Each structure stands twice: as structure tokens, then as C-alpha cells.
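J.: Pasting in a structure now, in C-alpha cells, and then I'll have a few things to ask.
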Amino acid sequence: MSIFVDKEIKLLVQGITGREGKFHTRQCIEYGTQVVAGVTPGKGGQAMDNVPVFNTVQEAVHETGANCSMIFVPPAFAANAIMEAVDGDVDVIVAITEGIPILDMMRVKNYLDGKKARLIGPNCPGIITPGQCKIGIMPGAIHQPGGPIGVVSRSGTLTYEVVYQLTMKGIGQSTCLGIGGDPVTGTDFIDCLKAFNEDSETKGIVLVGEIGGTAEEEAAAYIAEKVSKPVVGFVAGLSAPPGRRMGHAGAIVSGSSGTAQSKIAVMKEAGIHICDNLGRFGDFCAGVF
Amino acid sequence: MKIHEYQAKELFRNHHIPVPEGNVAVSPDDACALAEKLGGFPVVVKAQIHAGGRGKGGGVKLARSLDEVQSAATAILGRPLVTPQTGPQGKKVRKLLVEQGLDIDQELYFSIIPDRSTAKIMIIASRAGGMDIEEVAAKDPDKIIRVLINPLTGIEPGHCKEIAAGLNLPDSLAGDFSTLVENLYGLFIETDCSLLEINPLVITAQETLVALDAKVEIDDNALFRQKDILKFRDTDEEDPLEVEASKYNLNYINLDGNIGNMVNGAGLAMATMDLIKSTGAEPANFLDVGGGADEEMVENGFRIILNDANVKGVLINIFGGILRCDVLAEGVVQAARKTGINVPVVIRLQGTNVEKGREILAASGLNLITAEDLNDAAGKITEIVGK
């Protein structure tokens with residue numbers, strides 16, 4: 001089992017003919033993901049390697065039965081690309097694009113209301129169910145298939161670090177996903193926690209947060225009330241100065257809110273096992289799980 | 001991106017939002033000439049820096065004569081202004097806003113922000129104008145009115161009425177207030193604001209609404225479509241190393257510590273800073289070279305860190321995903337050859353092409369300390385700090 005995606009996923013890639021889109025599509029195919037279509041307006045009829053390219057998502061879905069989209073469209077056009085995927089009737093949309101204006105994402109988030117599509121991201125590394133499919137830009141080789149740990153994070157490379165240390169300890173993963181470093185994202189921590197809690201293969205959960213916003217606090221409240229599986233937490237940004245945007249658009253301490261210290265305190269209170277030394281994350285998890 | 005108050009007020013004027021008459025001055029004589037043109041006293045002389053709390057730091061002065069304008073401008077210009085938001089070293093004042101003083105009846109608070117948890121646009125208003133809104137929120141939360149607007153449908157008359165009612169505004173101002181709120185919302189959307197704050201928004205003795213202050217920040221992600229706003233960027237207000245880094249699209253923040261660091265990915269960069277702090281040192285910077293970095297970016301990033309006089313050691317932590325370890329290694333070697341390295345450098349590489357990266361570093365003959373993993377890296381930083 002896994003959450004949100006498995007080997008049955010039929011992937012289409014929006015922005016498949018761009019430099020990044022091309023590179024990562026190939027990596028996904030190499031990992032075993034079924035990539036059935038690409039979409040680039042104006043390039044319909046062409047092919048990227050053996051993947052047919054269409055002008056619109058609707059066409060691609062109609063012709064290939066794609067049910068998931070991965071988006072590499074540049075920031076200026078990304079919001080429209082996401083909404084096109086929503087209208088195209090896919091189940092899961094993974095938006096990799098970094099740098100989408102917040103107003104655009106707020107429109108997208110409201111547009112998603114009442115629609116069936118699940119959006120993961122934007123500004124995220126994507127989602128991987130090790131051994132089954134990789135939809136994103138993470139290095140596939142560091143993952144270990146078969147569970148039992150689900151990993152959810154707001155970050156990219158920090159997730160790789162965490163996963164790598166799990167794998168080094170022989171601890172496999174059910175599904176790993178990044179929900180994105182932007183202030184407004186599609187899927188949130190709670191959606192993932194709920195899914196991991198219901199997934200029979202997942203026996204424990206790793207939650208990686210960072211400064212800014214209240215997502216970790218909301219996750220902690222949900223865990224205290226609804227999650228029966230052990231949760232290991234890590235929060236980046238203890239040393240971050242207030243008022244500065246730390247790389248991720250969403251990683252900013254405003255006044256006294258959104259600090260790593262306050263998040264960690266709330267998470268500890270909710271019974272989450274907080275690891276405070278990233279260098280020993282693997283050991284720490286081996287102890288808890 | 002932050003802009004100055006006088007620039008924000010220029011945007012306000014363009015969007016038919018009433019502001020006091022005034023203009024920007026760069027010298028005391030300039031300020032006097034502007035005050036004379038305003039044709040009446042008092043006038044207000046306001047320091048223009050990218051930080052709030054200017055009044056508390058003595059950066060806002062009321063002047064009742066040209067002499068007072070002269071002395072106020074002389075006192076403020078060219079000196080560092082220390083406010084609760086600048087840090088103890090303050091910020092040097094290079095510009096003044098000289099404005100007509102108003103006969104104020106009442107001070108209100110008004111702001112618009114994107115609310116991340118609801119994905120709606122939030123208008124915040126309060127009758128406690130002129131005060132720090134976080135203070136009001138803590139002491140008297142009932143005094144704060146919050147209205148959420150769906151960005152897909154936009155602002156509606158009902159929103160304006162709700163805020164006016166919450167502020168207890170007289171009926172005679174209802175029409176003007178609605179127009180004001182709609183214009184502010186329009187400005188917020190059109191210029192991709194990430195913050196629009198008026199504190200205070202005043203009701204004058206003549207029963208008019210005027211934005212006495214104006215604070216506007218623009219969403220950095222939207223600057224590509226805000227070319228007109230880009231001209232407002234004032235690099236004098238930014239850290240020189242950060243200005244240098246921005247030329248190479250590097251995500252760099254200068255901090256006060258002694259251990260420089262270069263990392264790929266924002267989350268890992270923050271976690272690396274935390275790791276440095278846990279060894280007893282302090283991070284000298286935040287630097288995310290990003291996933292798409294090339295040799296040149298790495299080289300420039302490394303050079304900028306080494307240019308920071310406070311740096312006593314450097315930790316490079318790369319988890320190669322998109323950014324390959326060999327590309328990173330080439331950049332580091334190039335920068336080290338050009339600038340030379342006079343402090344210990346610990347490098348931890350993992351991920352894509354790690355072996356190739358390590359070979360390049362080893363073959364370079366440079367005095368670099370390699371770390372096996374993060375824990376090892378932390379230990380090596382501790383050794384450097386202990387020396």
C-alpha cells in the first residue's frame with residue numbers, strides 16, 4: 001500500500017519539452033513511472049523520446065487515459081496550467097514549479113474547492129512511492145521500498161537528507177512527499193497524516209516542518225486527536241532571524257509567530273517525538289520506530 | 001520587496017487614495033524648499049528607511065516654521081536611525097518625506113494581507129490606530145475587525161459595509177470609505193502586494209479620510225510582472241553582500257555569526273544553520289544555491305561567503321539531487337583558486353555524482369576538510385570553533 005500514488009498511475013507532464021521537464025521526465029521513466037503523455041501548447045503531435053506530446057491536458061487525458069499530472073511550467077503560466085489540469089479531470093496534480101505569485105496560488109486554491117483533483121505543491125520535490133513510481137525531482141536511489149515509514153515535508157533536499165538517513169538504517173518508506181515551501185499549497189500536512197494513518201503499510205510517520213505559518217501547529221493538534229501511529233518530527237529554522245524570507249516563500253517568522261521554537265513546543269505537547277539533531281536523525285528514528 | 005513610504009504614497013495617489021500633500025527631500029535645503037511650497041505649517045518631516053517604528057526612534061518630527069524644518073532635517077538626515085525594527089546599529093537615513101500636517105480627529109488602523117491558512121485576502125481594521133497592531137491583538141482582540149475576501153470573486157460592497165460598521169464610522173463617511181477600501185484592494189491586487197498597511201488612516205477635523213502613513217511590500221515572486229515597481233528598489237537599504245548575491249540569483253542572507261555555509265535547498269540550508277548553532281558557533285549567513293545552480297553560481301556564492309570578514313570557517317553541505325556534486329565541486333575549486341581560502345572549509349557531499357565530486361576536490365590539492373555525513377560535519381565545525 002501507499003498514499004495518493006502507486007504503480008497504476010498514468011502520468012502526463014505539463015511542460016515536458018522544457019529543459020527541466022525533459023530531464024525529470026526521463027528520470028521518472030527510468031524509475032518505472034508510467035509516463036503516457038506530455039503537454040506543451042503549440043507542440044502537439046511531436047514526441048519527447050517516445051512520449052506523445054499534446055497541446056492541451058484535455059486532449060492528453062482523452063487520448064491516453066492519464067490520471068495524474070506533473071507540472072514544470074514556468075511561474076508566470078503555472079497557475080493556469082494547474083487549473084487546466086483540474087479541468088482536465090486528473091486525480092492528482094504535482095506542481096514542481098517554484099516562484100508562483102501568492103495571489104495566483106490563492107486563486108488556484110479557491111478554484112480547487114469542490115473539485116476532485118488533489119494538488120501537491122507547488123514549489124515541492126513531488127511524491128514517490130519507492131519501488132512503484134516517482135513523480136517529481138527527488139533522487140530515486142536513496143529510497144527503500146516496502147515501508148514502514150511515511151515521510152511528509154515542506155522541504156526538498158531536507159527530505160532527501162531524512163530519507164537517506166532512514167535508508168542507511170535499513171528503514172524503508174511507504175510514500176514520501178513534499179507539500180511545498182510556499183505560503184499557499186494544495187495538499188497540507190493534515191491530508192497526508194490522515195492518509196498515512198489509514199494506510200496499512202505505514203507503521204510510523206516522519207513530519208518535517210520549518211518556520212513560518214501555522215501548518216505544524218495544526219498538524220500537531222490533528223496528531224494528538226486522530227493519529228494512532230508514532231510520529232517523529234523535525235523543524236528547520238531555529239537560528240532563522242525574524243522578518244526574513246529564508247529561501248522558501250513561506251519560510252518567514254512574522255513578529256513572534258511562526259518560530260521553530262514555538263512549533264517544537266506545540267509538537268512535543270502533542271506527543272510527537274522531536275529530533276533536535278539532524279546529524280543523528282536516522283539513529284533517532286531507529287529508536288522510536 | 002520593500003519600498004519606501006513616499007513610493008507607496010505615489011502608488012496611492014495613482015489609485016486615488018487620499019494622502020497628505022508632500023514630497024521627498026535629500027538635503028535640509030531641499031526639505032525647506034518643499035515645506036515652503038506646501039504653503040502652511042505645521043509640516044511633518046519623516047525619515048525614509050525600510051523599517052517600521054520610525055516615530056519611536058525620533059525619525060518623525062513636527063515642524064512649525066522653516067527653521068524647525070531645517071533643524072529637523074539636519075538632525076535626521078545622514079545619521080543612522082535606530083528603531084525597534086532596525087537592530088542596535090540602526091539604518092542610515094538618506095531621504096526625507098516632507099508633508100503637510102493635518103488636523104486629526106481620529107486615527108484608525110487598516111491593512112490588507114494574503115492569509116495563508118485560508119487562501120483568502122484578509123482586510124484587518126481597528127479603531128486603535130497609531131498603535132502596533134500586534135499589541136492591540138494581544139491586549140484587546142475584540143477591537144480588531146477581520147474580513148476575508150475570495151480572490152476569485154473579489155471585493156463586494158458588503159465587505160466595505162462590514163468594516164465600516166466594525167469601525168463605527170459615521171454614515172456621512174460610508175461612501176468615501178467604500179471607495180477607499182475598493183481602491184486599496186484594487187492596488188493590492190494590481191501590484192501584487194504581500195502587505196499593504198496604513199497606520200494610521202485618519203479622519204480629519206474636516207471629516208475626510210487620509211492615509212497618513214503607507215507601508216507596502218511586493219511579493220518577490222510577482223516582480224516579473226511588476227516592472228513599474230522594480231524602479232522603486234533601493235539597494236542602499238539592502239546589505240551590500242546581499243545585493244551582490246542577488247546579481248547571481250543567489251538566495252543569500254547575511255547574518256552576524258562566524259561560520260559561513262553554502263547549501264542546496266532552503267530547508268536543508270536552515271537545518272544546516274541550526275546544526276552550526278548546535279555546535280556552539282553562529283551561522284554567518286543563509287545561502288541556498290538552489291537546485292539549478294551552475295559552476296558560476298557556486299563560485300560566486302562561495303566567494304561572497306569568503307568576503308564576509310566575520311567568517312572563521314565554512315561548511316558546505318550539498319545533497320545532490322538536481323544539483324550534481326561534480327558541478328558543486330568545480331565551482332568551489334574555481335572560487336578557491338581565484339580568491340584563495342584563508343579559513344578552514346568543511347565539505348559534506350552526498351547524492352548525485354558524489355564520487356566524481358570528491359575526486360575533483362581531492363585532485364585540486366586545496367586544503368579542504370571532507371566530512372562523511374552531517375554528524376561528522378558538525379564535529380569538524382566544533383573543532384574549528386574550539387580553536
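J.: Want the number for A:VAL288 to A:GLN58: 0.36 nm per residue separation, take away the alpha-carbon distance, what's left? Before the final figure, lay out each step's value.
T.: Working: separation 230, 0.36 × 230 = 82.80 nm, distance 4.61 nm.
Stretched fully, the A:VAL288-A:GLN58 segment lengthens by 78.2 nm.
J.: Still on this model: For Cα pairs less than 8 Å apart in space and 6+ apart in sequence, what is the mean separation divided by the residue count of region B:163-212, i.e. the relative contact order in percent?
T.: Numbers: 27 pairs, mean separation 13.0, N = 50.
So the answer I get is 26 percent.
J.: Follow-up. What is the dipole size for chain A, taken about its Cα centre, with +1 at each Lys and Arg Cβ and -1 at each Asp and Glu Cβ, in debye to the nearest 20? Let's see the in-between values first.
T.: Values: 23 positive and 29 negative charges, 85 e Å.
Magnitude of the dipole: close to 400 debye.
J.: Rounded, prolate or oblate: which one fits chain B, using the alpha carbon gyration tensor with axes a ≥ b ≥ c (rounded when a/c is under 1.5, else prolate when a/b beats b/c, else oblate)? Mind dumping the intermediate values first?
T.: Numbers: a/c = 2.70, a/b = 1.92, b/c = 1.40.
Cα axes put chain B in the prolate bin.
J.: Along the Cα-to-C-beta direction of A:LYS203, a point sits 7 Å from the Cα; which residues of region A:1-35 have their amide N less than 19 Å from that point?
T.: From region A:1-35, the list is A:1-3.
J.: Which translational diffusion coefficient, to the nearest whole µm²/s, is obtained for region B:239-385 from the Stokes-Einstein equation, given a Kirkwood hydrodynamic radius over C-alpha pairs, 20 °C and 1.002 mPa s? Before the final figure, lay out the partial values.
T.: Working: Rh = 14.6 Å.
For the chosen part, D equals 147 µm²/s.
J.: Now for a different question. First measure r as the distance between the Cβ atoms of B:LYS161 and B:GLU21, then evaluate 1/(1 + (r/R0)^6) with R0 = 25 Å and state the FRET efficiency to the nearest 0.05. Could you put the intermediate results ahead of the total?
T.: Details: r = 30 Å, r/R0 = 1.20.
So, using R0 = 25 Å, E works out to roughly 0.25.
J.: At B:THR370 and B:SER71, where each label point lies 7 Å from the Cα along Cα→Cβ, what is the point-to-point distance in nanometres?
T.: Rounded to a tenth, the inter-label distance reads 6.9 nm.
J.: Find how many whole Å separate the alpha carbon centroid of region B:236-305 from the alpha carbon centroid of region B:32-100.
T.: 34 Å
J.: Could you pull out which residues in region B:98-142 have an amide N less than 14 Å from a spot 7 Å beyond the Cα of B:ASN168, following the Cα-Cβ vector?
T.: Correct set: B:106-109, B:126-129, B:142.
J.: Share of antiparallel DSSP beta bridges in the protein assembly as shown, in percent to the nearest 5? Write down the numbers at each step before the final one.
T.: On the way: 56 of 109 bridges.
In the protein assembly as shown, DSSP labels about 50 percent of beta bridges as antiparallel.
J.: Further, regarding this structure: Can you tell me which of A:ILE274, A:ILE128, A:ILE179 moves the most in a GNM of chain A? Springs connect C-alpha atoms under 10 Å apart.
T.: Fluctuation is largest for A:ILE274.
J.: If you average the C-alpha positions of region B:306-335 and of region A:14-51 separately, how far apart do those two centres end up, in angstrom?
T.: Comparing the Cα centres of region B:306-335 and region A:14-51, I get a distance of 32 Å.
J.: Report the one residue of A:ILE264, B:GLY57, B:PRO170 whose Cα lies farthest in the direction of the positive end of the charge dipole of the protein assembly as shown (charges on C-beta: Lys and Arg +1, Asp and Glu -1; origin at the Cα centre).
T.: A:ILE264
J.: Cα to Cα, under 16 Å, and not fewer than 8 places away if on the same chain: which aspartates and glutamates meet these conditions relative to A:LYS22?
T.: A:GLU30, A:ASP49
J.: OK, next. If each residue's Cβ is checked for other Cβ atoms within 10 Å, how do A:VAL53, A:VAL162 rank with the fewest at the top? Could you put the intermediate results ahead of the total?
T.: On the way: A:VAL53 20, A:VAL162 30.
Placing the least packed residue first, the sequence is A:VAL53, A:VAL162.
J.: Give me the dipole magnitude in Debye, nearest 20, for chain B about the Cα centre, with unit charges on the beta carbon: positive for Lys and Arg, negative for Asp and Glu.
T.: Charge dipole of chain B: 700 debye, to the nearest 20.
J.: Rounded to the nearest 5, what is the percent of antiparallel bridges among the DSSP beta bridges in chain A?
T.: Numbers: 9 of 45 bridges.
Here the antiparallel bridges make up roughly 20 percent for chain A.
J.: Let me ask something else. How many Cβ atoms of partner chains, on average, are near each residue of A:272-281 if near means within 10 Å of its Cβ?
T.: 4
J.: Right, next: For A:VAL253, what is the net charge nearby, where nearby means another residue's Cβ is under 11 Å from its Cβ and Lys, Arg count +1, Asp, Glu -1? Present the calculation step by step, with values, prior to reporting the outcome.
T.: On the way: positive: A:ARG244, A:ARG245, A:LYS263; negative: A:GLU210.
Once all neighbours under 11 Å are counted, the net charge is +2.
J.: Turning to a different aspect of this structure: Based on alpha-carbon positions alone, could you give the equivalent ellipsoid semi-axes of the protein assembly as shown from the gyration tensor, as √(5λ), descending, whole Å?
T.: Details: eigenvalues 400, 196, 108 Å².
Taking √(5λ) for each eigenvalue gives 45, 31, 23 Å, largest first.
J.: Return the average number of partner chain Cβ atoms within 10 angstrom of each residue Cβ along peptide B:215-222.
T.: Numbers: counts 0, 0, 0, 1, 7, 5, 14, 8.
Mean partner shielding for this stretch: 4.
J.: Only counting other Cβ atoms within 10 Å, I'd like A:MET267, A:MET70, B:MET297, A:MET138 sorted with the fewest neighbours first.
T.: Going from least to most buried by this count: B:MET297, A:MET267, A:MET138, A:MET70.
J.: Taking the Cα-to-Cβ direction at A:ASP276 and at B:ALA309 and moving 7 Å from each Cα, how far apart do the two end points lie in nm?
T.: 3.5 nm
J.: Suppose each label sits 7 Å from its Cα in the direction of the beta carbon; what would the B:LEU148-B:ARG358 distance come out to in nanometres?
T.: 5.2 nm
J.: Evaluate E = 1/(1 + (r/R0)^6) for B:VAL343 and B:THR235, where r is the Cβ-Cβ distance and R0 equals 25 Å; express this FRET efficiency to the nearest 0.05.
T.: Details: r = 28 Å, r/R0 = 1.10.
Efficiency, from the Cβ-Cβ distance: 0.35.
J.: Would you mind calculating the relative contact order of chain A from Cα pairs under 8 angstrom and at least 6 residues apart, reporting the percent as a whole number?
T.: Details: 678 pairs, mean separation 41.8, N = 289.
The normalised contact order for chain A reaches 14 percent.
J.: If you don't mind, there's one more thing I want to ask. Taking R0 as 56 Å, what's the FRET efficiency between B:SER246 and B:ALA205 from their Cβ-Cβ distance, rounded to 0.05?
T.: Working: r = 46 Å, r/R0 = 0.82.
E between B:SER246 and B:ALA205, to the nearest 0.05, is 0.75.
J.: Quick check: Cα centre of region A:239-270 to Cα centre of region B:125-139, how many Å?
T.: A separation of 22 Å, based on Cα centres.
J.: What size of dipole, in debye to the nearest 20, comes out for the protein assembly as shown about its Cα centre when the only charges are +1 on Lys and Arg C-beta atoms and -1 on Asp and Glu C-beta atoms? Write out the running numbers ahead of the final one.
T.: Details: 61 positive and 85 negative charges, 230 e Å.
Value, rounded to 20: 1100 debye.
J.: Something else: If contacts are Cα pairs under 8 angstrom and at least 6 residues apart, what is the relative contact order of chain B in percent? Write down the numbers at each step before the final one.
T.: Working: 775 pairs, mean separation 47.1, N = 387.
Value for chain B: 12 percent.
J.: If you don't mind, there's one more thing I want to ask. Among B:LEU201, B:LEU108, A:LEU238, what is the fewest-to-most ranking by other Cβ atoms within 10 Å?
T.: Listing B:LEU201, B:LEU108, A:LEU238 from fewest to most nearby Cβ atoms yields A:LEU238, B:LEU108, B:LEU201.
J.: Under a GNM of chain A (C-alpha, springs under 10 Å), which listed residue has the highest mean-square fluctuation: A:PRO148, A:PRO125, A:PRO242?
T.: A:PRO242
J.: Using a 10 angstrom cutoff on alpha carbons, build the Gaussian network for chain A and name the most mobile of A:ILE142, A:ILE16, A:ILE211.
T.: Most flexible of the set in this elastic network: A:ILE142.
J.: Set Lys and Arg Cβ to +1 and Asp and Glu Cβ to -1, take the dipole of the protein assembly as shown about its Cα centre, and tell me which of A:ALA76, B:ASN264, B:ALA281 lies farthest positive.
T.: B:ALA281
J.: Please list, by residue number, everything in region B:146-187 whose backbone N is under 15 Å from a paramagnetic label point 7 Å out along Cα→Cβ of B:ASP105.
T.: So the set is B:168-177.
J.: Okay, moving on. Averaged over A:16-27, how many beta carbons belonging to a partner chain fall within 10 Å of each residue's beta carbon?
T.: On the way: counts 0, 0, 0, 1, 3, 0, 0, 1, 1, 0, 0, 2.
Taking all residues of A:16-27 together, the mean is 1.
Laboratory data are not the source of any read-out in this text; all were calculated from the coordinates shown. Being a predicted model, the structure only gives us computed values, none of them experimental. Methodologically, a virtual Cβ is constructed for each residue, glycine included, from the backbone with ideal geometry; neighbour enumeration extends over all protein chains shown.
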